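Scroll down for the structure; my scribbles are underneath it.
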Amino acid sequence: ALRLLSACLGYEACFWTHRDCPCREAARLTPEGVRESGGRLQATTLRPEKMGEKAAEEKKKDGAEKGGKAADKKDEQKEVELSEEDMALKENLELMVVRSADPKAGVAKLAMETMRSEIKSATSSMTSVPKPLKFLRPHLQTLKDTYAKLKPGENKKLLADIISLLAMTDAPIHDAMPESLKYRLLGSNEDIGTWGHEYVRNLAAEIGTEFHRRQDESAKEGKDTDVEDLFGLVSEVIPFHMKHNAEPEAVDLLIEVERLDLLAPHVNEGNYARTCLYLFSCSSYLPEPEDSV
């Protein structure tokens, strides 16, 4: 072992210090980095170009192994199957999507009511993405097409409520009313709180966006801004926020639609402290005369 080590070190020193040394030509390297001499194998130092090639091959091999492991992991994730309960729910909801377009009004209504009840039970607590929303989201366009074909009536309003909830994740379209807000205005006007807190928060944000969009359009055309339908929703959102300890969100919405005077009727002994504190904080960021009620 010592002789082998000294041979390696000796050749190493000779390789780098004596450029024209005969040992450079005499050393015939094998792929394994050894030199044949008299039927025996003696360890040698690989030349720099050989070392680079070997390092590249090892790096390529490691990359291929990592890539293979990543692909296997991805395939395993794809192969994860739903539980029997989730599969049954998914199939049932997909069937309801098909039946919502049934020519028989009674069958279509039953399908819509089933979807609504499943969504309501799942959105009562938004700790994770509700499974009914996850399974129905890919069918959003199908439901929109069904809505367009339905005749005006109760079924069309019920379906609009479902589409409004599913459209929460849609990206906003420039110069167009947000989809969730649009279908809410076309819906059954059911109690806004039945769909959960996240739905109400989303609507509040879209109301502010739509209010400013209409203001800009009216300013360009020189007309008065028509926002009566939006204030109908504001009158539903504000009481909901004030009853559920969301005073800052109620104040933010009223500031967005420039109607802070609508807040006073909803302030009581239980929420006046939080409301006033938030209003005082907001006043520092508002210009006069908007910084006072």
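Values quoted throughout were computed directly from the atomic coordinates according to the rules given, and no laboratory measurement underlies them. Everything numeric in this text was worked out from a predicted model, so none of it was measured. Here Cβ is always computed from backbone atoms with ideal geometry, including for glycine, and neighbour counts include all displayed protein chains.
Each residue of segment 209-220 was assigned a 3J(HN,Hα) from its phi angle through the Karplus curve 6.51 cos²θ - 1.76 cosθ + 1.60 (θ = phi - 60°); the sequence is 4, 5, 4, 5, 5, 5, 4, 5, 5, 5, 5, 5 Hz, with glycine and proline shown as x. Note on ALA273 and GLU190: the model spin-label points, each 7 Å out from Cα along the C-beta direction, lie 3.8 nm apart. In terms of Cα atoms, the Rg and Dmax of segment 132-205 work out to 11.8, 31 Å. Mean projection of the Cα convex hull over all viewing directions, computed for segment 91-247: 10.0 nm².
Here the dipole of segment 145-293 is about 480 debye; that uses its Cα centre as origin and unit charges on the Cβ of Lys and Arg (positive) and Asp and Glu (negative).
Of the GluC sites (Glu not before Pro) in segment 212-293, which ones lie in a loop per DSSP and count no more than 14 other C-beta atoms within 10 Å?
Qualifying residues, ordered by number: GLU258, GLU269, GLU290.
Structural descriptor for segment 170-293: relative contact order 19 percent, calculated from alpha carbon pairs under 8 angstrom and at least 6 residues apart. Of LYS131/LYS151; LYS144/LYS220; LYS151/LYS182; LYS151/LYS220; LYS120/LYS151; LYS90/LYS144, which sit over 28 Å apart, Cα to Cα? The pairs that break the limit, which is 28 Å between Cα atoms, are LYS131/LYS151; LYS144/LYS220; LYS151/LYS220. Loop-resident chymotrypsin sites (Phe, Trp or Tyr not before Pro) (DSSP state other than H, G, I, E or B) in segment 223-293 with no more than 14 further Cβ atoms inside 10 Å of their Cβ: TYR285.
With a simple spin-label model that places each label point 7 Å from the Cα along the Cα-to-Cβ direction, the separation between GLU288 and GLU57 comes to 8.2 nm. Using label points projected 7 Å from each Cα along Cα→Cβ, tell me how many nm separate THR225 and SER121, to one decimal. The modelled label-to-label distance comes out at 4.3 nm.
List the trypsin sites (Lys or Arg not before Pro) in segment 203-291 that DSSP assigns to loop (not H, G, I, E or B) and whose Cβ has at most 12 other Cβ atoms within 10 Å. Which are they?
LYS223
Taking 0.36 nm per residue of sequence separation and removing the Cα-Cα distance, the GLN215/ARG259 pair yields an extension gain of 14.4 nm.
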